[in-house]
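See structure below.
The values are calculated or read from the model by the stated rules, or taken from the named source; none is laboratory data. Just so you know, these numbers come straight off a predicted model, no measurement behind them. Heads up, the Cβs are rebuilt from the backbone with ideal geometry, glycines too, and the neighbour counts pull from every protein chain shown.
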Amino acid sequence: MKLSKYILLIALLMIGTRIWAQNDTTQIVYLEHSETLSFDEQRLPDAQILRGNVCFRHDSALMFCDSAYFYDKQNSLHAFGHVHLIQGDSIEGFGDRLYYNGNTKMAKFRKRVKLIHNKETTLLTDSMNYDRAQNIAYYFSGGTIKDTINTLTSNWGQYTPKNNQALFSNSVELVHPKFVLTCDTLCYNTKTYQADLVSPTKIVYEYETTILSSNGWYNTETEQSMLLNRSLIIHTDGMTLTGDTIYYDKAVGYGKVLGNMESVDSTNHVTLYGNKGEVWEEDKHGYVTDSAMLVEWSDSTMYSYIHADTLFTDQIPYQQCKLIPKDSILIDSIWQYPAPDTIWLDTTYMQMRAHYNVRIYREDIQCVCDSVHYHGRDSIATLCGDPVCWNGSNQVSSDTIRIYIKNGSVDYLHGVGNATAIKQESDREFDQLAGKEMIAYVRDGDVYLVDVIGNAETVFYPREDDGSYIGVNKTQSSFVKLYLEDRQIHHILFTTSTTGVMIPMDQATDEDKFLVTFFWAEQERPRKPGDIFLNPVRTPRPDAATASASADDEEEDEKDDEE
């Protein structure tokens, strides 16, 4: 009697457990429809063999197929032929076969697999597992994900419909109508079209631009990106941009760099360095600041190093004059400027502007000033704001100095306003020239001729054969021409109206030894490329008004003498 009670109790518990399991609709797979149902206990024990318009339901999902093996005790099924899974109104899965476990909600699709999300994102592969519990689909033997813009392929891939996020690994390729992205690992969102770069990545715009980065993001719809970890942008026109952090808008051709910027213009042989800068590709201009430096290498044997608080570069288009033949007779031909839309890329020149605390180093010349403006078309650099230039043992200063470059080397310097040239002979003795204008001609890196124009003054220290000083020679004239050989004064030519005096050394005062415009700024001079980043205290300049008044007085004296 007791035994029968125990058996009845166990039976009731089993029935209760089954009823509880059936009430949990998220766990049981239901057979909704089948044209035929059969069993084969020897070949397929515990399986219901279903054929013809088979349909299953599991919570919010419907599964259709041509035939299936249904294991109701294991709450699983094997579906074959035209498999179609529908989950809600956003997910559809297709394949030739499906292995589905209702307890784990794992759907394994095989052969000609397709997963469609929101009718906009499609996953194509040969084998895919779709974890309905986690809402994650992944493939492992090669696959493709397509959205309305891009097609992505990889050997391994994962897609999460809930947040539209995809993860790709091993031989990843993203194909966009404008570019191709390749990498080893990539995160991508099919709704925002943003690719998160997490491995060395290459983005190629054919015939335009190549982007290399290992960290950051790239929005494939807007073509905006944030590139980290020393990324590189290469343009086919010879421009490159490198930086620790680059914000880049490819659509509008704009880039902003923070940290160790390096912008190379191989066409104009110029590189910009700094910690912050911006570039605009369309009109080809940019700037750099914070430890800014420009390196120019137009001549492989001569490099120019320029530092300033801020450096600007521009490529300026201009109309190139060309001969238009007329009636095939040269005499009737005319010079004509083409219309603006016929200007070619090669009709441009590079312009550079440097502002505040400018320091320049070249082997043939070194300079300091407040600002520089360089025109590549004429190869002229204009220095303003207390400019000083050094060549060998010579110092040249003026209100404004223009440096003329020829074939990559300094050809001559033109100083306008309070122009002064100084050559140190000893600790206290300096040969000096001054005037309204001065032109210093350079050959093979050394000054060989100096012309002083207007109110020319000189101070020289003639020597005896034993090298001792004879005295101080001071002259005034309207024009002076000074010749140098081996960096030494060879001879001087004066105008006929020149006046002068020789003062013995023991009788010469400081007023006799130094012109009004004299100052010696050797401590400011950059001696090597790295010196351009030094910040020495600038030497006080003579009062410009006093110097100009002195020059005007001497000019009046010359006129009185002529009268």
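Scanning region 26-59 for residues that are exposed (fewer than 12 other Cβ atoms within 10 Å of the Cβ) and outside any strand (DSSP E or B) gives T26, E35, E41, Q42, R43.
For region 148-159, state whether one or more residues are crowded, with 23+ Cβ neighbours inside 10 Å, aromatic (F, W, Y), modelled with pLDDT of 95 or more and more than 22 Å from D196 (Cβ to Cβ). No, because not a single residue in region 148-159 is crowded, with 23+ Cβ neighbours inside 10 Å, aromatic (F, W, Y), modelled with pLDDT of 95 or more and more than 22 Å from D196 (Cβ to Cβ). Only one of the numbered conditions (1) part of a strand (DSSP E or B); (2) outside the structural domain of R97 (by TED's automatic domain parsing); (3) surrounded by fewer than 18 Cβ atoms within 10 Å (Cβ to Cβ) is not met by S127, and that is (2).
Candidates in region 478-494 are the residues that are modelled with pLDDT under 85 and among the charged types (D, E, K, R); of these, the one that is surrounded by the fewest Cβ atoms within 10 Å (Cβ to Cβ) is D486. Within region 264-286, the set of residues being within 10 Å of the chain's Cα centre (by Cα), of a type in the set (A, V, I, L, M, F, W, C) and closer than 17 Å to I306 by Cα comprises V264, L272. One residue alone among T539, T475 is touching a Gly at 6+ places or on another chain (Cβ under 6 Å), modelled with pLDDT of 90 or more, surrounded by 13 or more Cβ atoms within 10 Å (Cβ to Cβ) and in the same structural domain as Y441 (by TED's automatic domain parsing), and that residue is T475.
Condition check ((1) in contact with a Leu (Cβ under 9 Å, 6 or more places away or on another chain); (2) assigned by TED's automatic domain parsing to the domain that holds G445; (3) not β-branched (V, I, T)) across all residues:
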| residue | (1), (2), (3) |
| --- | --- |
| K481 | yes, yes, yes |
| Q488 | no, yes, yes |
| F494 | no, yes, yes |
| T499 | no, yes, no |
| M502 | no, yes, yes |
| D506 | no, yes, yes |
| K513 | no, yes, yes |
| V516 | no, yes, no |
| F519 | no, yes, yes |
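Listed by position, the strands (runs of 3 or more DSSP E) inside region 232-284 whose residues that are modelled with pLDDT under 95 and either under 21 Å from E296 (Cα atoms) or not charged (D, E, K, R) (or both) number at least 1 are 239-243, 254-265, 270-280. Can you find even one residue in region 60-70 that is more than 60 Å from the chain's Cα centre (by Cα), assigned by TED's automatic domain parsing to the domain that holds I91, at pLDDT 95 or above and of a type in the set (A, V, I, L, M, F, W, C)? Checked region 60-70: at least one residue is more than 60 Å from the chain's Cα centre (by Cα), assigned by TED's automatic domain parsing to the domain that holds I91, at pLDDT 95 or above and of a type in the set (A, V, I, L, M, F, W, C). Residues that are closer than 15 Å to T517 by Cβ and of a type outside the set (D, E, K, R) number at least 2 in the following strands (runs of 3 or more DSSP E) confined to region 418-505: 430-443, 446-460, 471-485.
Of all residue pairs spaced 6 or more apart or on separate chains, those with beta-carbon atoms under 6 Å, a first member in region 154-177 that is more than 16 Å from Y130 (Cβ to Cβ) and a second member that is outside any strand (DSSP E or B) are N155/G142; N170/N155; S171/N155; L174/N150; H176/N150; H176/T220. Could you list, in sequence order, all residues of region 214-263 that are under 9 Å from the mean Cα position of the chain (by Cα), hydroxyl-bearing (S, T, Y) and crowded, with 24+ Cβ neighbours inside 10 Å? Residues satisfying the conditions are S231, Y248, S263. Among the residues in region 95-102, are any surrounded by fewer than 17 Cβ atoms within 10 Å (Cβ to Cβ), acidic (D, E) and outside any loop (DSSP other than H, G, I, E, B)? No: zero hits.
The residue pairs whose first member lies in region 363-379 and is at negative phi, whose second member is among the hydrophobic types (A, V, I, L, M, F, W, C) and outside any strand (DSSP E or B), and whose beta carbons are closer than 8 Å, counting only pairs six or more residues apart or on different chains, are V368/A521.
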